[in-house]
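To keep things clear, I will list the structure first and then write my remarks on it.
The values are calculated or read from the model by the stated rules, or taken from the named source; none is laboratory data. Please read these numbers as outputs of a predicted model, since none were measured by experiment. All Cβ positions, even for glycine, are placed from backbone atoms using ideal geometry, and neighbour counts span all protein chains on display. Areas reflect the complete protein model, heavy atoms only, side chains present, ligands, DNA and RNA absent. Shrake-Rupley method; radii C 1.70, N 1.55, O 1.52, S 1.80 Å.
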Amino acid sequence: MGAVTLLVAALVTVALPHSGASVCPNGVFDAWGAPGAVLTLAGSSTPGGTDGVGAEASFTLPAGITVLPGDVVAVVVDKAAHTIRTVSIGSGLVTTVAGNYTVSGDVDDVGQAALFNNPQSVAAYPDGLAVLINDRGNQLIRKMDMATYAVTTLAGTSGIAGQTDGDGASATFNNSNGIAISADGSFALVVQAHSLRHITLPGASVTTVAGSSTAGSADGTGTFASFSTPMGVAITPDGLTAYVTDFDSFLVRQVTIATGAVATVNPDYNASGTERMGGAALSPDGLSLLTLDLVGSTVELVNVDAASGDSYGQLKTVAGQSGVVSWVDGAGYAASFGNPNDIATTSDFRYALVTEELNGRVRRIDLCPYQGLTCPAGLGDVWTSPGSVDLLAGVGAGAKPWGVDFTPDGRTVLAAVHLGADQVVQVDVYSQTVSVLSDVGHDSLAGIVVSPDGLYALVTDSAQHMVKRVQITAANGVAAGNVTTISGQSSLLIIASVDGQGTNAEHNGPQGLTLTPDGQTCYVADYGGHVIRKIALANNNDVTTVAGSPLGVPGSNDASGLSATFNGPRSVAVSPDGLTLYVSDYSGDLIRAVDIAGGYAVSTIAGSGSSTTMMDGIGLAATFAGPIFIEMSPDGATLFISDFVSTGYAVRRMDTSTLEVSTLAGSYEAIGNETGSGSEARFNRPVGTAVSPDGFTLVVGDTDNNQIKRIDLCPVKCNAVCTSAFNTTNEAICNDTFPICSADVASSSSSSSSSSHSSS
């Protein structure tokens, strides 16, 4: 990210913004419109028991966490400090409310006069008037009144480890871990060494639901089932089902509470043997479970919707990168954790709070993107200003990625490596890992486009004058990575573009290409031939020239079809309705439009021609210095353009309705390799661009930096930051704390319900 986001909330409202239902509030969105924007709420790397705001506070070993009703305060057990702490979710204010720092014991009393011994977990009653605390070192379940902080013992025998069922003090527990209370407050569940226990409330009658003292991963009923050091437990809203996370096996277990029947949710998960599953938090609809990899230091989302078919039991990483144990705030895999311990969420599943054992911090994760929502209108992005640039992945020294495109599910970016490795590589958007899909060969891959069904990609081999097909997913007997030639032939004698079928046709330096929405037609910009070609994929790959001089005569003449001329067309993009083709006329410094339905009539829509500057403006009043590759947004409203000049590089955008051209990121006055917002970012020869299917993210092949960068499009799509007045005068300086924006919003909050920035 351009800036690390740290919540220093002493200056802001303690309440978080909520819209009531399980939706992303207008005006609050994570940094990329992508999974898991992570920031630090409280704590530091220095162990201690100091109360304070944000980084002023310290924890010794924060373990269990719960959020009280109202979503204003969280309760954290500081295990090694033997204390109970409250944390303001909005301000990061930490206060010790019970227990005596570094003094362990078993004393029922009020506040800091009460004593605990390595408390492990905590759960809030539905009314928020009390919490249950698993006092693991004492083998007790304790209750704390949230009004007086009076602590009493509910169940267990102090200092006696066991699995004896019984009432109150006659029951025994054995190194219990997670604890949860049902939505109606009638019972609690506790997981301990290889079993799940049930506690009636308020009577404190303890029974074993499933499992025994023997470790295992067997499904079954009651004691015939087995667990392997269960760590977390969550109860469905109807109180009928529990989900238990197994530390040793990295499995999620579903338990029918009434019968004790246990079934594994993710039996096919292929654990590497190093993962260790931690706490559990269930979404309000009971269909998604958040958990942790304590060793890999990631936050995982598990699909527990039994009606979801093949995706049932699948895990998706929300934040952190497996094996990277550190402390970095950021979005998704750009963030890192140090042995996360427990997790809790706000009531609407808007935010998750995570305790970290190694880092001694409480972190906050934005879960809004998982609500499946569109970019909120009105306020845009609270964390960064428009056009924020971040690194998605490096592809290796000398690899030079040119064309890029997303797969239809948005999970993967494919890149055509232009020089050096001569490969098509794939980047997992969530893990940011890079792998080789295919060794295409030769030395000049340029454009790439993925088919609508995601089965294959088409790439241009510019030096070999060919268009090739690369299989993405094995299908119909064709292996993934398989390469075939669609059209063109390799020849050093090619001086013009020749029509024909498949390999009988000739291209002259093909570069950018695009597919029509139905996937039946491919349009290619023949850079060396100064023409636009059409490949009929459903008609034996028949190649015809649809616009530009068949003789390869360069120019900027607007006319129909073959009477028009282009000057080094580099890229093409088709509108979502398939009726208009946009062309970046690189050497002519123009953006052209081709009317597909109207005899391929060509018109110049932006740029003044032969320019060496990048000037924003409308239509022909704008200038381009070297528009190379272009990309259309999914809604057809915006054309993105990578633009070159000798002094700098930028990514620009054009409104396809008004033809207004503006600079999204980078600068014509600077070359470099910097992340940041808008003109603060730096590129070194950005070429290919691609928009994610949800329209939130633009990726760019930053060629000479050997990187793929991503740009936040959410504020662009929303077309506003804070209020319209703020956007007009302060568009580029909207920062994490919104000092001006907060005042702006406060003055207009009575007239606009979407003007809440109380979380920032």
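Rolling a 1.4 Å probe across the protein heavy atoms gives the range 649-692 an accessible surface of 36 Å² per residue. Sorted largest first by accessible area at a 1.4 angstrom probe radius, with every protein chain in place, the residues Leu579, Leu287 fall in the order Leu579, Leu287.
Could you list, bin by bin from short to long, the percent of Cα-Cα pairs of the range 473-601 in 5 Å steps? Final binned percentages: 2, 12, 21, 24, 19, 12, 6, 3, 1, 0. Counting only protein heavy atoms and a probe of 1.4 Å, the accessible surface of the range 649-711 is 33% carbon and sulfur.
Residues Tyr149, Tyr649, Tyr523 ordered from highest to lowest accessible area at a 1.4 Å probe: Tyr149, Tyr649, Tyr523. Note on surface exposure: Trp402, Trp327 rank Trp327, Trp402 by accessible area, highest first, 1.4 Å probe. The heavy atoms of Asp635 present about 90 square angstrom of accessible area, all protein chains included, probe 1.4 Å. On the basis of the beta-carbon distance and an R0 of 56 Å, Asn539 and Val328 show a calculated FRET efficiency of 0.60.
The Kirkwood radius of the range 272-334, taken over pairs of alpha-carbon atoms, gives through the Stokes-Einstein law at 37 °C and 0.692 mPa s a diffusion coefficient of 264 µm² s⁻¹. Computed with a 1.4 Å probe over protein heavy atoms only, the accessible area of Tyr312 comes to about 60 Å². Using only Cα coordinates, the Kirkwood hydrodynamic radius of the range 80-207 works out to 14.4 Å.
State the dimensionless ratio Rg/Rh of the range 640-718 (Rg: radius of gyration of Cα atoms; Rh: Kirkwood radius).
Working: Rg = 11.8 Å, Rh = 12.5 Å.
A ratio of 0.94.
Cross-link partners of Lys534 among aspartates and glutamates, defined as those whose alpha carbon lies under 14 angstrom from its own and excluding same-chain residues fewer than eight positions apart: Asp499, Glu506, Asp526, Asp542, Asp595. Taking the square roots of 5 times each eigenvalue of the Cα gyration tensor of the range 156-258, largest first, gives ellipsoid semi-axes of 19, 17, 11 Å.
Report the Stokes-Einstein translational diffusion coefficient (µm² s⁻¹, integer) for the range 121-183, Rh taken as the Kirkwood radius over Cα pairs, at 37 °C with viscosity 0.692 mPa s. Taking Rh from Cα pairs, D becomes 278 µm²/s.
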